[in-house]
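All remarks here apply to the structure that follows.
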Amino acid sequence: EYRNRGLGKVFVRELIDAYAKQYLMTLYTSDTWRIEFYESCGFQVLEAQGDGSFLMEMVEDEKLL
């Protein structure tokens, strides 16, 4: 019932602003909506791995939104 209200995006951005030193992450998922969620938070997929994971990087311009 809390999906699509923007709460997750705010949470992820607060964590990044407060604690992240490097804006790279590996996302393990088979759900496209999870990739889309992190893209909406300012990440982009750099590489799809063969094990079902995705290397993602923060787009610097999006970090400040």
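Each value in this text was obtained by applying a stated rule to the coordinates, not by laboratory testing. Since the model is a prediction, treat every value here as computed from it, not as a measurement. So basically every Cβ, Gly included, is an ideal-geometry build from the backbone, and we count neighbours across all protein chains shown.
Protection proxy ranking of 50-57, 3-10, by the mean of other Cβ atoms within 10 Å over each peptide's residues and highest first, is 50-57, 3-10.
Residues whose amide H falls under 5 Å from that of residue 43, counting only those 5 or more places apart or on a different chain, are 59, with hydrogens built in the peptide plane.
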